[in-house]
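Accompanying notes for the structure given below.
Since every read-out is calculated from the coordinates, none of them should be taken as a lab result. Since the model is a prediction, treat every value here as computed from it, not as a measurement. All Cβ positions, glycine included, derive from the backbone under ideal geometry; neighbour counts span all protein chains shown.
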Amino acid sequence: MFRRKKKDEPTDAPPAPEQAQTADAVSEATGASEAPTASEASASEADSGAPAETAAEKSSGGTEKVASSKRRGNRVQKVGTVSSDKMQKTVVVRVDRLVLHPKYRRYVRRTSKFMAHDDLGATTGDRVRIVETRPLSANKRWRVVEIVQKAAK
């Protein structure tokens with residue numbers, strides 16, 4: 001049906017946008033000059049050298065790729081107070097923030113409650129730092145990283 005073209009065969013497709021920007025490449029696309037100039041030869045060597053380097057980096061950098069995948073981006077962190085610890089390995093953390101009221105121009109306290117996975121044993125009243133994580137259950141998307149301040153007993 002359709003025959004695939006070999007890499008050596010010339011194509012009927014228009015030149016790529018980056019080739020059309022140089023005058024030599026435009027004249028080559030129109031067929032004005034058959035032999036490549038020195039600048040075209042150096043450009044083709046640079047183009048052919050770049051994929052070879054990336055292929056070499058991929059083959060030799062297998063361990064580097066694993067190391068970079070273990071590194072995580074900056075995740076959202078919040079500091080709040082534990083309001084409930086009645087579940088197993090789960091705490092409810094209350095995070096307060098101050099918002100400027102649009103009409104009265106006074107600061108109003110807004111509260112958000114987050115369910116967080118707790119391996120550290122935080123209790124009610126503790127001040128904890130939580131970090132965003134993958135969904136751990138239907139409502140848990142946070143994990144307790146550290147207990148900032150223990151509750152006064």
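Tell me, what is the FRET efficiency for Ser84 and Tyr107 to the nearest 0.05, using R0 = 30 angstrom and their Cβ-Cβ distance as r? Intermediate results must be reported in sequence, preceding the final value.
Working: r = 26 Å, r/R0 = 0.88.
Taking R0 as 30 Å, the efficiency between Ser84 and Tyr107 is 0.70.
Note the full-extension length gain between Asn74 and Lys153 as 0.36 nm times their separation in residues minus their Cα-Cα distance, in nm to one decimal. Mind showing how you got there, number by number?
Values: separation 79, 0.36 × 79 = 28.44 nm, distance 3.45 nm.
Length difference between fully extended and current span is 25.0 nm.
Using only the Cα atoms of segment 77-149, construct the convex hull and provide its projected area averaged over every direction, in square nanometres to one decimal. Write out the running numbers ahead of the final one.
Details: hull surface 22.0 nm².
One quarter of the hull surface, i.e. the mean projection, equals 5.5 nm².
For Asp96, Asp126, Asp118, Asp85, which order do you get if you count the other beta carbons within 10 Å of each Cβ and list the fewest first? Write down the numbers at each step before the final one.
Numbers: Asp96 11, Asp126 21, Asp118 25, Asp85 17.
Ranking Asp96, Asp126, Asp118, Asp85 by Cβ neighbours within 10 Å, fewest first, gives Asp96, Asp85, Asp126, Asp118.
So how do Ile130, Ile147 line up by other beta-carbon neighbours within 10 Å, fewest first?
On the way: Ile130 26, Ile147 17.
Starting with the residue having the fewest Cβ neighbours, the order is Ile147, Ile130.
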